[in-house]
Amino acid sequence: MDTIFALATAAGKAGVAVIRVSGPSAFAACEQLAGPVPSVRRASVRRLRDKQGGVLDEALVLCFEAGHSFTGEDVVEFQCHGSVAITSAVLRSLGEVDGLRMAEPGEFTRRALENGRLDLTQVEGLADLIESETEAQRIQAQRLLDGAIGQKAEIWRRDLIRAAALLEATIDFADEEVPEDVSVEVIALTEKTRQSVAEQLKGIDAAERVRSGFEVAIVGAPNVGKSTLLNALAGREAAITSEYAGTTRDVIEVRMDLGGLPVTVLDTAGIRETEDHVEGIGIARARERAMRADLRVFLVDGQPPELTPKEGDIVIQAKADLRGAGVSGLTGHGVGELVTEITNRLKGQAAQAGLATRERHRLALAQAISGLEAAVDHVRIGTEQYDLAAEELRNVVRALESLLGRIDVENLLDEIFASFCLGK
């Protein structure tokens, strides 16, 4: 296998830059640039030199032996001063070492997967952690990276292997006069697993929202103060405001962090009957986005809203600077209380999140539930269908193996690792 190297920290000027090398020639490369290889897992200050003996930098060098590193291979990290000139010179010198090449995006993490240091859900957790912008995203990604799904799946797998073994033992001894009745234990193990899988499946929608962001739509009639409220929430002039109705023709989006949750607030076109073709398009889009949003804030001015609020939506009096109690984006009256209310309602939705976070996870868990239900049906029919039940359980185990990236995922890997930077 090739030995790979790349800048593991962000490109550009910084206090420190970390350059990572992984593979069978990593220690040889270290020796060529830094002299005798330091003791593993002990930091050593070394002068890095090029082929001609010229000093590149004074750096901290760390070595990790195979089986005790991120990738599972021999790994060397050079912690250099973070100037562009220094990192370029060190990378250039590594490129001159025989057997070394520049890593492809995500290749270090891919090797960690291939060497059993991470499962695929942990890889996805690492990608989410790198992309996280809010506290809720960080916590969810860290849980995934820590192997929460793998730990849960291992419990499911152990119980299903036990259930399948009981069925197969009964099949093998079917000619005995009094075969042991294993159906009660098999059904109990299978039902226990099905309920646990179903619980995780139920929480995917909320987990996906934490990962990608909640949407909150501000809805109301034209000129009711929606854009002014959006600007107050954003703390800047994100939308044009005017005394003339119909100023907002398209959906305006502002991304923000509310209580640690990623939230996109939508300012929609005022909903009313209109003969203006362009405004009509904006109103149609407003209706569509509002209905898809996770939460709607209805600004009303004494008239009932054109759209019917859903359970959990917020209905509030607009332009409180003119009408009293309610919210006013112009003066800020009631905005803090509204933010708190929005945050609390979204936190209620986020609390329903499970461990699984992606559509890929949803498909694997749904496949598992289908197989578990079929297995129970076969067992209840009788011993003549125990072989079919055992095969269903084996298929469920394979679905779980696929979830963790152990089988049948080669076509997914290029897509997943393409989102990583070179140094990961």
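The values are calculated or read from the model by the stated rules, or taken from the named source; none is laboratory data. For clarity, every value in this text was computed on a predicted model and none was experimentally measured. When we count neighbours, we look across all protein chains shown, and the Cβ atoms used for this are built from the backbone with ideal geometry, even at glycine.
A few comments on the model shown:
- Restricting segment 187-245 to residues that are part of a loop (DSSP other than H, G, I, E, B) and at pLDDT 80 or above, the residue that is nearest to LYS152 (Cα to Cα): GLY203
- Contact map, segment 1-21: first residue farther than 9 Å from MET102 by Cα, second residue among the charged types (D, E, K, R), Cβ cut-off under 6 Å, separation 6 or more or different chains; pairs are ASP2/ARG101; ALA8/ARG20; VAL18/GLU77; ARG20/GLU77.
- Top-ranked residue in segment 1-42 [being in a helix (DSSP H, G or I) and not aromatic (Phe, Trp, Tyr); ranked as surrounded by the fewest Cβ atoms within 10 Å (Cβ to Cβ)]: GLU31
- ILE130 in a helix (DSSP H, G or I), under 13 Å from the mean Cα position of the chain (by Cα) and either of a type in the set (Val, Ile, Thr) or over 28 Å from VAL379 (Cα atoms) (or both): yes
- Of all residues in segment 155-186 being surrounded by 14 or more Cβ atoms within 10 Å (Cβ to Cβ) and not in a helix (DSSP H, G or I), the one that is modelled with the highest pLDDT: VAL182
- Subset of segment 127-154 that is buried (at least 22 other Cβ atoms within 10 Å of the Cβ) and among the hydrophobic types (A, V, I, L, M, F, W, C) - its residue that is nearest to ARG255 (Cα to Cα): ALA136
- All told, GLN352 meets the bar of being assigned to a loop (DSSP other than H, G, I, E, B), on the phi < 0 side of the Ramachandran plot, modelled with pLDDT of 90 or more and polar (S, T, N, Q).
- Of all residue pairs spaced 6 or more apart or on separate chains, those with beta-carbon atoms under 7 Å, a first member in segment 382-395 that is more than 15 Å from ASP159 (Cα to Cα) and a second member that is at pLDDT 95 or above and surrounded by fewer than 23 Cβ atoms within 10 Å (Cβ to Cβ) are GLN385/HIS378; LEU388/HIS378.
- Single condition GLU341 does not satisfy, out of (1) farther than 23 Å from ILE161 by Cβ; (2) in contact (Cβ under 8 Å) with a residue 60 or more places away in the chain: (2)
- Residue count, segment 286-340 (criterion: at pLDDT below 85 and assigned to a strand (DSSP E or B)): 4
- Residue in segment 332-389 that is surrounded by the fewest Cβ atoms within 10 Å (Cβ to Cβ), counting only those that are over 18 Å from the mean Cα position of the chain (by Cα) and of a type in the set (D, E, K, R): GLU384
- So VAL45, is it closer than 21 Å to GLU96 by Cα and not in a loop (DSSP other than H, G, I, E, B): no
- Within segment 68-124, being outside any helix (DSSP H, G or I) and among the small types (Gly, Ala, Ser) holds for SER69, GLY72, GLY82, SER83, GLY99, ALA103, GLY106, GLY116.
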